[in-house]
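Down below is the structure, laid out as structure tokens.
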Amino acid sequence: MRNPLHFHIITDSTAQQILASLFRTWMVPAVRVDFYDADELKAEVSWIPNKHYSGIYGLMKLVLTKTLPPDLQKVIVLDTDITFATDIAELWAVFHKFKGQQVLGLVENQSDWYLGNLWKNHRPWPALERGFNTGVILLLLDRLRKLRWEQMWRLTAERELMSMLSTSLADQDIFNAVIKQNPFLVHQLPCFWNVQLSDHTRSEKCYKDVSDLKVIHWNSPKKLRVKNKHVEFFRNLYLTFLEYDGNLLRRELFGCPSETDHNSENLQKTLSELDEDDPCYEFRRERFTVHRTHLYFLHYEYEPSTDHTDVTLVAQLSMDRLQMLEAICKHWEGPISLALYLSDAEAQQFLRYTQGSEVLMSRGNVGYHIVYKEGQFYPVNLLRNVAMRQVNTPYMFLSDIDFLPMYGLYEYLRKSVVQLDMANSKKALVVPAFETLRYRLSYPKSKAELLSQLDMGTLFTFRYHVWTKGHAPTNFAKWRTATTPYRVQWEADFEPYVMVRRTVQSTTGASLASGWNKVAHIMELDA
């Protein structure tokens with residue numbers, strides 16, 4: 001990276017949490033990120049009626065002169081649905097070509113929208129000829145402030161809204177109306193800096209060869225499903241970026257100067273001091289690896305119930321356990337927090353898998369948190385901790401991905417919170433675990449059915465054949481006849497599946513395989 005990047009991201013609090021975590025754990029060199037609260041800006045533009053699918057966020061480019069730091073002189077403003085096919089420094093260099101009073105760098109609109117002839121009675125906002133697309137803008141902020149941009153766009157918007165009643169293309173309509181009156185403000189960029197793939201587009205006229213393109217703009221609600229003769233090429237380019245190994249951009253692979261980051265410097269120093277000939281080198285290195293983490297990879301929406309008994313199922317998995325997700329969702333209707341250990345390419349496979357599943361797409365209360373693969377180990381404690389930290393209910397049930405909760409367990413555990421007064425006592429509720437050695441099993445619908453299957457030998461207490469000590473303290477003999485919860489004593493090597501308060505501490509240490517990690521966690525909980 002020859003040129004440092006400084007991102008200014010206008011976003012809501014949820015996206016800020018996700019992006020801040022991603023950038024912090026990614027540790028790309030020479031990249032700085034600042035966030036601006038979109039909720040604080042809504043009042044500035046909420047008075048403008050807008051029909052565009054981007055909603056109120058589509059209007060926020062209008063207030064950048066007020067929002068961004070006063071000492072920031074110029075910015076490249078980008079929609080989130082664009083793909084760069086070149087170095088952004090090339091576009092930054094175009095600022096040198098601005099002349100006179102030019103303060104906006106824009107590409108001409110590539111559809112006939114502003115010509116007003118798309119259908120009968122189609123009335124677009126005023127624009128200079130074909131108008132301009134605002135998916136990519138070069139903004140000279142200092143000059144815009146001197147021109148009193150804030151007043152300029154507001155007066156224009158108020159005037160036009162008297163007859164137009166609302167915007168159809170959000171900020172773009174207002175920018176174009178201002179430009180119609182003040183054409184000297186615009187420096188027109190070559191069309192390859194914003195090749196638009198919306199419906200009715202004429203983008204093919206912009207280039208002879210797809211290799212000439214600099215920026216591809218998916219400016220249609222259909223996004224990757226738009227019609228264009230080169231759409232397969234564009235789509236493949238975009239997917240190549242998504243499946244690209246993001247770890248190749250990490251700091252330790254670039255001797256690139258960044259702003260001083262003492263944490264990163266100390267990490268670099270520690271890594272350089274490790275002896276690569278040491279037989280345990282990979283283990284020692286893993287202790288200092290910061291795994292890139294993308295929280296809430298898919299949309300998550302869940303408000304815990306108001307009775308303070310709500311519980312989230314917590315588990316972690318890799319690609320080879322993906323097929324368990326639908327079954328777990330059928331058995332557990334409550335919220336779920338999952339950490340997935342995936343490569344960038346597997347993350348895209350996972351996305352396609354969920355989009356093809358009616359069961360998974362119908363659930364908004366499953367939080368999927370991707371921890372990107374690095375090194376040769378499976379960082380089981382880290383994964384569990386990532387999933388635990390995103391729990392937003394008072395309680396969590398720590399399970400494994402290849403376990404199916406009994407039908408109704410979610411409601412049963414919530415009743416137990418009240419029954420055992422868990423809010424006012426330090427308790428871990430052990431959920432007895434069983435296993436089958438058969439691939440097909442009719443799932444027991446009651447305790448009586450489960451006891452019958454245990455007696456017939458189609459079910460066993462968990463790990464009965466290989467590690468009885470792991471679950472012996474559960475006291476299955478007592479469980480057979482018990483009708484109410486009973487207390488059990490911790491013993492060495494106990495590794496039950498438990499429901500605990502969300503506030504219990506995370507697991508410590510970089511456990512790098514499935515073995516002893518739960519034993520250690522339960523021992524800590526008992527202590």
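The values are calculated or read from the model by the stated rules, or taken from the named source; none is laboratory data. Note that the structure is a prediction, hence the values are computed from the model and not measured. Note that each Cβ is placed from the backbone with ideal geometry, even for glycine, and that neighbours are counted across all protein chains shown. Heads up: the accessible areas ignore ligands, DNA and RNA and are worked out on the full protein's heavy atoms, side chains in. Shrake-Rupley method; radii C 1.70, N 1.55, O 1.52, S 1.80 Å.
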Net length gained if the chain between Leu274 and His6 were fully extended (0.36 nm per residue, minus Cα distance): 93.3 nm
Per-pair calculated FRET efficiency, R0 = 41 Å: Leu118 and Leu242 via Cβ, rounded to 0.05: 0.80
Reachable aspartates and glutamates from Lys330, criterion Cα separation under 12 angstrom, eight or more residues apart if same chain: Glu358
Length-normalised contact order for the stretch 384-515 - Cα pairs under 8 Å, 6+ apart - percent: 41 percent
Label-to-label distance, nm, for residues given as Leu249 and Thr484 (7 Å Cα→Cβ offset): 5.9 nm
Summed residue charge, Cβ within 9 Å of Ala170's Cβ, Lys/Arg positive, Asp/Glu negative: 0
Projected label distance in nm at Phe84 and Ala43, using a 7 Å step from Cα toward the beta-carbon: 3.5 nm
Amide H within-cut-off set for Ser318, under 5 Å, with H built and near neighbours excluded: Tyr341
By average C-beta atoms within 10 angstrom, highest first, the peptides 18-24, 66-72: 18-24, 66-72
Cut-off 14 Å between beta-carbons: net charge of the residues surrounding Asp344, Lys and Arg +1, Asp and Glu -1: 0
Hits among lysines - C-alpha to C-alpha of Lys205 under 18 Å, sequence gap 8 or more where chains match: Lys214, Lys227, Lys229
Helix 517-526 axis, angle to the chain major axis (alpha carbon atoms, nearest 10°): 70 degrees
Rounded to the nearest 10 Å², the accessible area of Trp119 at probe 1.4 Å: 130 Å²
Extended-chain gain in nm, criterion 0.36 nm per residue less alpha-carbon gap, Ser305 and Glu129: 57.9 nm
Cβ-derived FRET efficiency at R0 56 Å, Lys445 paired with Phe288, nearest 0.05: 0.70
Signed unit charges on C-beta, dipole axis of the chain, positive-most listed residue Asn266, Ile10, His187: His187
Exposure of Glu232 as accessible area (Å², to 10), given a probe of 1.4 Å and all protein chains: 100 Å²
Net +/- balance of residues flanking Leu325 in space, Cβ distance below 15 Å, scoring K and R +1, D and E -1: -3
Accessible-area composition of the chain, carbon plus sulfur, in percent [1.4 Å probe]: 53 percent
Nearest 10 degrees, 0 to 90: helix 262-273 Cα axis against the chain principal axis: 60 degrees
Cα-based radius of gyration of the stretch 258-369 once divided by 2.2 N^0.38 Å, which approximates compact folds: 1.43
Ranked by how many other beta carbons lie within 10 Å on average, peptides 33-40, 480-487 from highest: 33-40, 480-487
Virtual spin-label span in nm between Lys205 and Gln73, 7 Å along Cα→Cβ: 3.7 nm
Å² per residue, accessible surface of the chain at 1.4 Å: 52 Å²
Area accessible to solvent at Asp12, 1.4 Å probe radius, in Å²: 50 Å²
Unit charges on C-beta of K, R, D, E only; dipole of the stretch 377-429, Debye: 200 debye
List Cys280, Cys206, ordered by accessible area with a 1.4 Å probe, largest first: Cys280, Cys206
Ellipticity estimate at 222 nm from DSSP helix runs (n ≥ 4, -39,500 (n - 2.57)) divided over the chain, nearest 500: -9000 deg cm²/dmol
Pairwise centroid distance, computed over Cα atoms, of the stretch 101-170 with the stretch 296-356, Å: 42 Å
Folded to 0 to 90 degrees: helix 409-419 orientation relative to the chain principal axis, Cα: 70 degrees
